[in-house]
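As C-alpha cells, the structure follows; a few thoughts come after it.
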Amino acid sequence: MVTIKDIAKRINVSPSTVSRVLNHDETLSASPETKQKIFDTAKELNYRTVKSRRLQSQPKKQESLKHETVNIGMVLLQTKEEEASDPYWLSIREGIEKECAVRGISSLKLIRLQYMVKAREELAELDGLLVVGRIDYLILQTIREYNRNIVLINQDAYEDQYDSIIFDYQKAASQAMDHLAAQGYERIGYIGGTERISVEQEQSLKKIYTPDARKTIYESKMKERGLYDPSLLFVKEYSIQSGYDLMKEAIEQGNVPDAFFIASDSMAIGAMRALHEAGVQVPDDVAIVSFNDIEMAQFTSPPLTTVKIPTEEMGRLGVRIMLDRLDGRDMPIKIMVPTTLVVRESCGALRQQERQ
C-alpha cells in the first residue's frame, strides 16, 4: 500500500507537508506548484485516503461501515511506570482497546509521548490520534502539523481546535467535599498528588506542575466554612506509596482529622493501609471519600466511598468520535461525561443511616 512517506520521498518534501496538502490544510504556506505536484504524485501512485480505503473495502450492499483499514495512534502521556501505578490511565486505555475491537479496528499503534519527539513523521501515516492525558498547546500544534485528526481524552480543547472528552473536575471534587460536610465532618484533611502537564523543552519532553482542581476545591470549600487549616493538607506524587507515606505523616503529626478527601483511589488504598497499621479504624475514627472509582475501590476494607469517573467509557467515546471525524465531520466537538458519588462504607454515611 502506498503511504504518505512514499509520496514525500518521490518529490523531496516532508511527510507532514504531504499530509497537510492532502487534507486541504489552508494554513499551510506551500506554493501552488508544490501542492499540485503532491496531488499529481498521489494520483500517479494510486494513493488512497482513509475514507476511500474504507469505502472500497465494503460490500456495495452493506449498510454499516467497516473499519478494518483504519490506522489509529493512541498517544499516552504517561510512562509505563506511571500507568502501572495509576489504574485511572489504564482504564482509559482499556476502553480504547475494547472499542477498537468492537469496531473491527485491528491497527492500533501505541505511542508513548517521550519517544515521539524523534519519530513525529510516523504520525502522518496514521489516520487519527487519540491523545490520553494533559499536554502542552505547543506540542499539540506540532503534532497537528503531521496529523490533523486528533481527539483529546481527559483534557479540554485549546481554543476549540480539537475534539475532546472531559469531565467537570470542580463538580466532581465538590461532590466529595459536600458529602463529607453533609455528614457533619468539620476537621477534614486532604491527601493528593501533583498535577503535571507534558511540555517540550530543548528537544526533549518534561513535565511541569499545574494547579490541581481537587486541591483547589478542597481549599475553597474549607475556607467557605471557616475551617481551613493548611496543616491538614498533604501532597506528594500520585501513587499508592505516596498515599501510604502521607497518611503516616498525618498520623505522626498527631491530632488526625475526622475525615479525609483523598484525590485518587490509589492513594486512598495506601492511606488506609497506614491507618490500619496504626490501629485507626475507618470509618469509626477517620472517614474517607476518594476519587475515580477504580475496580479495586469496591474490594478494599472497608469499601471506598468515591466519585466515579467513567474512564473506560471516555476511552470508548474517543474511538467513536474519531471514526465520526474520519467519516467527514470537520466541526470539533466536546463531550463532558457525568460523574457520580458512589457511597460505600468508608465515609460512615451507611452506618449513620443504620443508626437512625
Original post:
Hey, any hits in the range 256-263 for a residue that's of a type in the set (G, A, S), open to solvent by 10 Å² or more (accessible area, probe 1.4 Å) and over 21 Å from the mean Cα position of the chain (by Cα)?
Top reply: no
**OP:** Identify the single condition in (1) assigned to a loop (DSSP other than H, G, I, E, B); (2) touching a strand residue (DSSP E or B) at 6+ places or on another chain (Cβ under 8 Å); (3) open to solvent by less than 30 Å² (accessible area, probe 1.4 Å) that P332 does not satisfy, given that it satisfies every other one.
**Re:** (3)
Original post:
Within the set of pairs 6 or more residues apart or between chains, which connect a residue that is farther than 13 Å from Y190 by Cα inside the range 216-237 to a residue that is in a helix (DSSP H, G or I) and small (G, A, S) with Cβ atoms less than 8 Å apart?
Top reply: R225/A181
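For (1) more than 22 Å from the chain's Cα centre (by Cα); (2) more than 20 Å from I143 (Cβ to Cβ); (3) modelled with pLDDT under 70, each residue gets a yes or a no:
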| position | (1), (2), (3) |
| --- | --- |
| V50 | yes, no, yes |
| K66 | yes, yes, yes |
| N71 | no, no, no |
| I92 | no, no, no |
Original post:
Any residue in the range 305-321 that is farther than 24 Å from P87 by Cβ and either part of a strand (DSSP E or B) or touching a Pro at 6+ places or on another chain (Cβ under 7 Å) (or both)?
Top reply: no
Original post:
Any idea which of (1) surrounded by 15 or more Cβ atoms within 10 Å (Cβ to Cβ); (2) at pLDDT 95 or above; (3) under 23 Å from V256 (Cα atoms) is the one I165 doesn't satisfy?
Top reply: (3)
Original post:
Which of (1) open to solvent by 20 Å² or more (accessible area, probe 1.4 Å); (2) part of a helix (DSSP H, G or I); (3) farther than 20 Å from Y162 by Cα does E99 not meet, given it meets every other one?
Top reply: (1)
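The values are calculated or read from the model by the stated rules, or taken from the named source; none is laboratory data. All figures in this text were calculated on a predicted structure; none of them were measured in a lab. No Cβ is skipped: glycine too gets one built from the backbone with ideal geometry, and neighbour counts run over all protein chains shown. Note: accessible area is taken over every heavy atom of the protein model, side chains too, but ligands, DNA and RNA are not part of it. Shrake-Rupley method; radii C 1.70, N 1.55, O 1.52, S 1.80 Å.
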